[in-house]
1. Only residues that are of a type in the set (D, E) and either open to solvent by 60 Å² or more (accessible area, probe 1.4 Å) or more than 18 Å from L163 (Cβ to Cβ) (or both): list them for the range 68-94, please.
2. What is the residue count in the range 60-107 for residues that are of a type in the set (D, E, K, R), under 18 Å from E194 (Cα atoms) and modelled with pLDDT under 95?
3. If R233 satisfies every condition in (1) part of a strand (DSSP E or B); (2) open to solvent by 50 Å² or more (accessible area, probe 1.4 Å); (3) touching an Asp or Glu at 6+ places or on another chain (Cβ under 9 Å); (4) in contact (Cβ under 8 Å) with a residue 60 or more places away in the chain but one, which is the exception?
4. If I filter the range 59-67 for residues that are open to solvent by less than 10 Å² (accessible area, probe 1.4 Å), farther than 16 Å from L253 by Cα and over 15 Å from the mean Cα position of the chain (by Cα), do I get at least one hit?
5. Being at pLDDT 95 or above and in a helix (DSSP H, G or I): is that true of V125 here?
6. Go over the candidates L35, L20, L28 one by one and state the one that is open to solvent by less than 30 Å² (accessible area, probe 1.4 Å), more than 20 Å from P240 (Cα to Cα), touching a residue at least 40 places away in the same chain (Cβ under 8 Å) and within 17 Å of the chain's Cα centre (by Cα).
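The values are calculated or read from the model by the stated rules, or taken from the named source; none is laboratory data. Not measured: the values here are computed from a predicted model. Glycine also receives a Cβ, built like all others from the backbone with ideal geometry; neighbour counts cover every protein chain displayed. Please note that ligands, DNA and RNA were not included when accessible areas were found on the heavy atoms of the full protein model with its side chains. Shrake-Rupley method; radii C 1.70, N 1.55, O 1.52, S 1.80 Å.
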Amino acid sequence: MTVELSRTEARRIAVRAQLLDRHRPADLYETVSRLTFLQYDQTAAVAPNADLVAWSRLGSSYRPAELAEGLADRTYVELRGLIRPMDDIPLFRADMAAWSAPDSQFGMPAAQHWVEANDRFRRDVLALLDVDGPVPQSSIPDTAQVPWDSSGWNNNRNVGMMLECLIVRGEVAVADRDGRERLFDLGRRVYPDEVVPHEEALRIRAERLLRSLGLVRKVSPAVGEPAVIEGVRGTWRVDPSFLDGPFEGRTALLSPLDRLIFDRKRMADLFAFDYNLEMYKPAAKRRWGYYALPILSGDRLIGKLDATADRKQGVLRVDAIHEDTPFDAATSTAVHAEIHDLARWLHLGLDLPA
């Protein structure tokens, strides 16, 4: 039977699934596990994305050192730009093994054929890591017989492309970081040995994806229940565990890369929210700011915070609070409380507009 949802109900499911209602998660591990990953992005106009996403859920009790410590002791691991619980890696090992089969493409044109054409280069990389790993990319010589040919950024970036291909295959892993620089080692020295069979792993990952988002347009295999949302075209899948229970919302400031709003079409369908990350636009064409933070209030996205962490001056500088519709007194108080909490968490003073 197809579940019928109003937009309000759909929004509330999405907010609860993303741990942005009043019931905060207990700790960082619960946060990462429930969300399934934190996206690694070091843009620090306010704070790096992974830290900002964790703060939005946990508040100023969250210490960024917790994530760094968890990566160092391998509670978490970085896989293709996403920070995941190490316990989840067995769900990806069967895929990694399958990528080394003939004609797999890694999501990149002719990547498998390029790796095969550079087998000596591949073996050079693995031999170096076996002896010296973990090492930064800058310590790995380029011995490619066939250069990576691309019209874009990666043209002739042979070492970086080989490492990415070997990460997809599970032969190489990100073992740690030295500041912003990744340190690479053999996958077998980083990952657990356990392998969840492919079909079972796909089902578990689909269930966890749906659990983390609450409702999605497509998920394979099809888990959860089919659903339609009033006023929104198409059929969705919903996690039935979110269909019961009261909703208790709160106010939150979100990273521009937060999963609640990362899929801009889903954001528009559910929240009717007009937003884009404007850091790549010329300053004169920005409406909300270089790294404006979407503002969540209950089950609605209501505005954007244009703020910058000025660490040299020791302040969180707020240039504007953009209100999509004028805030009432209670909403304004709640938004300002979150801004103060953000400054406190960043260990910065607060410079608010007059």
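1. Pass one, the range 68-94, residues of a type in the set (D, E): 69, 73, 78, 87-88.
Residues satisfying the conditions are E69, D73, D87, D88.
2. Number of matching residues: 1.
3. (4)
4. no
5. Details: at pLDDT 95 or above: yes; in a helix (DSSP H, G or I): yes.
Yes; evaluated as a whole, the condition is true for this residue.
6. Numbers: L35 fails: more than 20 Å from P240 (Cα to Cα); L20 fails: more than 20 Å from P240 (Cα to Cα).
Only one candidate qualifies: L28.
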